[in-house]
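Undergrad: Here it is, the structure, as structure tokens.
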Amino acid sequence: MIYSARNLSIGIDENILVHDVNFDIEAGKILALAGASGSGKTLTCLSPFRLNTGKASGSALLLGQEIIGLSEQILSPIRARDVGFIFQQPLTALTPHLTISAHLIEASMQAGIIPSHDNLITILEKVGLSRPTDKLRQYPHQLSGGERQRICIAMGIIHNPKLLVADEPTSALDAELRRDITLLLHDICHENNMAMLLVSHDLASIESSADDVILLQNGYVEEQSSTRLLVQKPQSAYGTSLIAATPRMDEPISAILPIGDKLLDARNISVNFSRPFQFFRSKSEDNKVRAVRNASLTICQGETLAIVGGSGSGKSTLARAIAGLGPISKGQIYWQEQELPIKRSRQNRALMQPVFQDPIASLDPRWRVGDMIVEPQKYLLDDMSDILGPAELLLEVGLKTEFLERLPAQLSGGQAQRVAIARALSVRPKLLILDEATSALDPLAAHNIVQILQSLQEKYGLAILMITHDLALARRMAHKIGVMKDGQLVECRPKDQLLTAPQHDATRKLIENSL
Amino acid sequence: MMRFSIILVAIMAALAVFLPFLLPWDYTQIDWDGVSMDITSYEAWQRGHYLGSDDIGRDRLARILAGTRITMSVALAAALVAMLIGISWGIIAGWIGGRTDDIMMRIVDALYALPFMFIVIILMVVFGRSILLIFIGIGAVEWLTMARVVRAEVKAIKVRPFILAAEASGASSLSIILRHILPNIMGVAIAYLMLTVPQVVMVESFLSFLGLGVQEPMTSLGILVNEGAAQMEINPAALLLPGGILIILIISLTIAGERLRDRINAGNIGPNIGAS
């Protein structure tokens, strides 16, 4: 047994935030702590090692030694020698002015080992980095996000720890990298016979790596079982709802609503950005970043079109161009066969309304909910006769009228996103444009938003253009799926066709990575 | 600490405004029979000069109160003018961005580079001494920092999603600025206004000390310090009293301003939503 906990409770000041957690991790096994934000996952994994403000009580045995109650001086060398840590933010976890080799040497010296050049090369190879000799001389900014996370992993395992503690190691990465890193962690644990404590809110990556799972809710253990059992047959109510809320690629395709006439027709949309800070500006094409190239799509009444792609594929830029909120270099957008001007009129804007990724940031922090959700009506509508008032709008998204007086800071992420949807609905749009509208939310809140959107679609025949990196979610919600890669919409077809017979490599890769 | 300094400043302001009504002497009035009376002398008390009188027989307490009043009002007015110019300049530069922003901010840089004292002295020499000129002189300098702060803040707010949401709501640039940007920069602007006031107090006193400030018989803390410095060997109170008030005023205002700024900055970090 590498690491085990008995009746582990964690408090900050006088409040107990995590109650009675028990677990054992054997060598070569991975235990995942899952749950929504604020459920106490990070406290549970870091507090016994005195790495945050939480105070642990109960018992935590590392290689048979009790670590709770040890003073910092005694604990510090144990922590440095036997435990490796990987944190959430690969983009900020590295010091910008140190080379990769300096990072690795420093990490190793903490455990009292001075590594040779060959050691460094071996460790980089182990985390799957190509050209390790070059990498050692490079600086963090020369590496991509995925490569940086691999460096962080290398720093965590360079001293051959017995236990690896990974706190949300993949949540800052996009779907493709997420899967690669998860598999890498899994392989490293098995090959080196390391035990791993993984913290994640992403059930998909837990499923593909962890042996056992602990589900935490508000600091209590809701369910503790093997991963396979949890996914197939969750025992607790929380586990059941969590599994149901998480879209899966192998779930049956739900019945989709019928669609109506064609509303929007975007033809050959291109968006170019000129590169910044260039002394000699030329007008040539290769001097521009071509964020979107010749994308064409149509959306009908009551239809959901999902655009799926990795980060930087241009999907958000395309959505903004269609919404009239971002630049557009070439192409036309038709609404019921009439061309929309580049500068949208008020009537044009009322037709389609956006909902953004970060729900709280998309609400003005100084406005009350009640004022906020009717703001578009004031600007966009001429005919104010049969509009919905603020209270009715809140009802549409399942919020009570007491929320009218709240400020954005007093809302949870899910509530804030519902307010944002209510604001978009206030002008009776025909098309909602959702830019990663659920990806900042935890699974249950995200599922709730999805259900609200589906019921609104059924009620009003809303068309939805959704941008997402999550193919499983697109599969659950959409009629049609479009795949974007490097600014090109490589494929855009009804979802069953696209998923069963992908025609493009990018689509195939996406499907493979989402399983 | 912040509350204490604000209360202190409020008490000083109230005294400077209301106490003169209770005094037997006006700050311009000359008592021919009580010239250069010492603060400790019984005779001064009897004649109603509670802090003595100056070398031409004017009541020292009345003059200190008048000086505090002038200094504070000049400071407040000049800071308000600076805030008005600074906020407008900063919002225009930050909102429009691009080349306009470049040009407007280079103008700010150029003004920063000018030797301020030199310019004020030339203005004073050419146009003569007047309160209005002091306003203009001080205001012309103090708005620069405000413009920079506001512009940076506007640039940061401009890219937040709620501005994009307002744009999608069909709000015009003007209503976005008035309804969404201005309320969100007001906290920072007011904090910097609080920090500008003590700076202006300082500049005004300095100009007055040099003899470039308000004109006799009006007075300000700077003039009183100057007069006191001339006779500090025989009558230290003439220097220490206005000097002490000046110091307390500047320190209290600075502390209040900095605390306010820290509080607003801390609030701006905002709620941390979920791990995404």
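The numbers here are math on the coordinates, done by the rules we state, and not lab data. In this text, all values refer to a predicted model and were calculated from it rather than measured experimentally. All Cβ positions, even for glycine, are placed from backbone atoms using ideal geometry, and neighbour counts span all protein chains on display.
Undergrad: With each run of n ≥ 4 DSSP H residues scored as -39500 (n - 2.57), what mean residue ellipticity at 222 nm is computed for chain B after dividing by its residue count and rounding to the nearest 500 deg cm²/dmol? Before the final figure, lay out each step's value.
TA: Working: 10 runs with 198 residues, N = 276.
Taken over chain B, the calculation gives -24500 deg cm²/dmol.
Undergrad: Further question: So for B:Trp32, B:Trp95, B:Trp45, fewest C-beta neighbours within 10 Å to most, what's the order? Could you put the intermediate results ahead of the total?
TA: Details: B:Trp32 7, B:Trp95 20, B:Trp45 14.
Going from sparsest to densest Cβ surroundings: B:Trp32, B:Trp45, B:Trp95.
Undergrad: I want the local charge near A:Ile153. Using Cβ-Cβ distances under 14 Å, sum +1 for each Lys or Arg and -1 for each Asp or Glu among the other residues. Write down the numbers at each step before the final one.
TA: Working: positive: A:Lys126, A:Lys135, A:Arg148, A:Arg150, A:Arg178; negative: A:Glu125, A:Glu147, A:Asp167, A:Glu168, A:Asp180, A:Asp187, A:Glu191.
After counting each charged neighbour, the total is -2.
Undergrad: Place a point 7 Å from Cα of B:Ala156 in the direction of its Cβ. Which residues in segment B:170-207 have their backbone N less than 16 Å from it?
TA: Counting backbone N atoms under 16 Å from the label point, the list is B:181-193.
Undergrad: How big is the antiparallel share of DSSP beta bridges in segment A:3-245, given as a percent to the nearest 5? Working shown, then result.
TA: Values: 22 of 40 bridges.
Looking only at bridges with both residues in segment A:3-245, the antiparallel portion is about 55 percent.
Undergrad: Which loop-located chymotrypsin sites (Phe, Trp or Tyr not before Pro) does segment A:10-119 contain, where loop means any DSSP state but H, G, I, E or B and the Cβ has at most 15 other Cβ atoms within 10 Å? Display every interim value, and only then the final one.
TA: Values: sites: A:Phe23, A:Phe49, A:Phe85, A:Phe87; in loops: A:Phe87.
Sites meeting the loop and neighbour criteria: none at all.
Undergrad: Please figure out what share of the DSSP beta bridges in the protein assembly as shown is antiparallel and state it in percent, rounded to the nearest 5.
TA: Working: 46 of 84 bridges.
Around 55 percent of the beta bridges assigned by DSSP in the protein assembly as shown are antiparallel ones.
Undergrad: Taking the Cα centre of segment B:70-267 as origin, sum charge times position over the Cβ atoms of Lys and Arg (+1) and Asp and Glu (-1), and report the length of that vector in debye to the nearest 20. Display every interim value, and only then the final one.
TA: Numbers: 12 positive and 12 negative charges, 148 e Å.
The dipole of segment B:70-267 has a size of about 720 debye.
Undergrad: Next question, about the same structure. Helix B:237-268 sits at what angle to the longest principal axis of chain B, using alpha carbons and giving 0 to 90 degrees rounded to 10?
TA: Here the helix axis deviates by roughly 10 degrees.
Undergrad: Moving on. Using DSSP to define loop residues, name the trypsin sites (Lys or Arg not before Pro) in segment A:343-373 whose beta-carbon has at most 10 other beta-carbon atoms within 10 Å. Spell out each step's value before the answer.
TA: Details: sites: A:Lys343, A:Arg344, A:Arg346, A:Arg349, A:Arg366, A:Arg368; in loops: A:Lys343, A:Arg344, A:Arg366, A:Arg368.
Taking segment A:343-373 and a limit of 10 other Cβ atoms within 10 Å, the loop trypsin sites (Lys or Arg not before Pro) found are A:Lys343.
Undergrad: In addition: Any idea how far apart A:Asn15 and B:Ala10 come out in nm if each label point goes 7 Å out from Cα toward Cβ?
TA: Reported label-point gap for A:Asn15 and B:Ala10 is 3.3 nm.
Undergrad: Right, here's the next one. Quick one: check the C-alpha center-to-center distance for segment A:145-221 versus segment A:1-59, whole angstrom.
TA: Using only Cα atoms, the two centres lie 16 Å from each other.
Undergrad: A further question follows. Please work out the FRET efficiency for the pair B:Met1 and A:Ser236, using the Cβ-Cβ distance as r and a Förster radius of 51 Å; give the result to the nearest 0.05.
TA: Details: r = 51 Å, r/R0 = 1.00.
E(calc), rounded to 0.05, equals 0.50.
Undergrad: At most 15 other C-beta atoms within 10 Å and a DSSP loop state: those are the exposed GluC sites (Glu not before Pro) I care about. Give me the longest piece of chain A that has none.
TA: After excluding every exposed loop site, the longest remaining stretch is A:27-336.
Undergrad: What does the charge count around B:Pro20 come to, taking other residues whose C-beta lies under 15 Å from its C-beta (Lys +1, Arg +1, Asp -1, Glu -1)? Working shown, then result.
TA: Details: positive: B:Arg58, B:Arg60, B:Arg63, B:Arg69; negative: B:Asp26, B:Asp59.
My count for the surroundings of B:Pro20 gives +2.
Undergrad: Considering the options B:Val200, B:Leu178, B:Gly211, tell which one lies farthest towards the positive end of the dipole of segment B:70-267, charges being +1 on Lys and Arg and -1 on Asp and Glu at the Cβ, about the Cα centre.
TA: B:Leu178
Undergrad: As a check on your grasp of the helix formula, calculate [θ] at 222 nm for chain A: sum -39500 (n - 2.57) over DSSP H runs of n ≥ 4, divide by the residue count, round to the nearest 500. Don't jump to the answer; show the numbers that get you there.
TA: Values: 20 runs with 183 residues, N = 515.
Estimated from H runs of four or more residues: -10000 deg cm²/dmol.
Undergrad: Please compute the modelled spin-label separation between B:Ala77 and A:Glu191, points set 7 Å along Cα→Cβ, answer in nm with one decimal.
TA: Simple spin-label model gives 7.8 nm for this pair.
Undergrad: Can you tell me the dipole magnitude for the protein assembly as shown around its Cα centre, using point charges on the Cβ only (Lys, Arg +1; Asp, Glu -1), in Debye to the nearest 20? Let's see the in-between values first.
TA: Numbers: 70 positive and 76 negative charges, 395 e Å.
That gives the protein assembly as shown a dipole magnitude of about 1900 debye.
Undergrad: Treating only the Cβ atoms of Lys and Arg (+1) and Asp and Glu (-1) as charged, compute the dipole magnitude of segment A:3-245 about its Cα centre; round to the nearest 20 debye.
TA: Working: 18 positive and 26 negative charges, 69 e Å.
The calculation lands at about 320 debye.
Undergrad: So, one more: For A:Thr500, A:Thr53, what ranking results if the residue with the fewest other Cβ atoms within 10 Å of its Cβ goes first? Please report the intermediate quantities before stating the final value.
TA: Numbers: A:Thr500 8, A:Thr53 12.
Ordered by Cβ neighbours within 10 Å, fewest first: A:Thr500, A:Thr53.
Undergrad: In degrees from 0 to 90, rounded to the nearest 10, what is the angle of the helix A:145-157 Cα long axis to the longest principal axis of chain A?
TA: Around 20 degrees separate the two axes.
Undergrad: Which distance in nm do the two modelled labels at A:Ala244 and A:Asp371 give, with both placed 7 Å along the Cα-to-Cβ direction?
TA: Modelled inter-label distance: 4.0 nm.
Undergrad: Related question: If you line up the long axis of helix A:72-82 against the longest principal axis of chain A, both from Cα atoms, how many degrees apart are they, to the nearest 10?
TA: It is inclined by approximately 80 degrees.
Undergrad: Compare the Cα positions of A:Ala80, A:Leu136, A:Gln336 along the charge dipole of chain A (+1 at Cβ of Lys, Arg; -1 at Cβ of Asp, Glu; about the Cα centre) and return the one farthest towards the positive end.
TA: Checked the options; the winner is A:Gln336.
Undergrad: With 18 Å as the limit, write out which pairs from A:Lys315/A:Lys480; A:Lys135/A:Lys288; A:Lys29/A:Lys162; A:Lys485/A:Lys509; A:Lys378/B:Lys158; A:Lys233/A:Lys495 have Cα-Cα distances beyond it, or answer none. Could you put the intermediate results ahead of the total?
TA: Values: A:Lys315/A:Lys480 15 Å; A:Lys135/A:Lys288 29 Å; A:Lys29/A:Lys162 11 Å; A:Lys485/A:Lys509 11 Å; A:Lys378/B:Lys158 21 Å; A:Lys233/A:Lys495 28 Å.
Where the Cα-Cα span goes over 18 Å, the pairs concerned are A:Lys135/A:Lys288; A:Lys378/B:Lys158; A:Lys233/A:Lys495.
Undergrad: Here is a follow-up. Once R0 is set to 30 Å, what does the formula 1/(1 + (r/R0)^6) return for the Cβ-Cβ distance between B:Glu258 and B:Asp38, expressed as a FRET efficiency to the nearest 0.05? Mind dumping the intermediate values first?
TA: Details: r = 39 Å, r/R0 = 1.30.
For R0 = 30 Å, the calculated efficiency reads 0.15.
Undergrad: Within a 10 angstrom radius of the beta carbon, how do A:Leu229, A:Leu31, B:Leu51 rank from fewest other beta carbons to most?
TA: Working: A:Leu229 14, A:Leu31 23, B:Leu51 19.
So the ranking, lowest neighbour count to highest, is A:Leu229, B:Leu51, A:Leu31.
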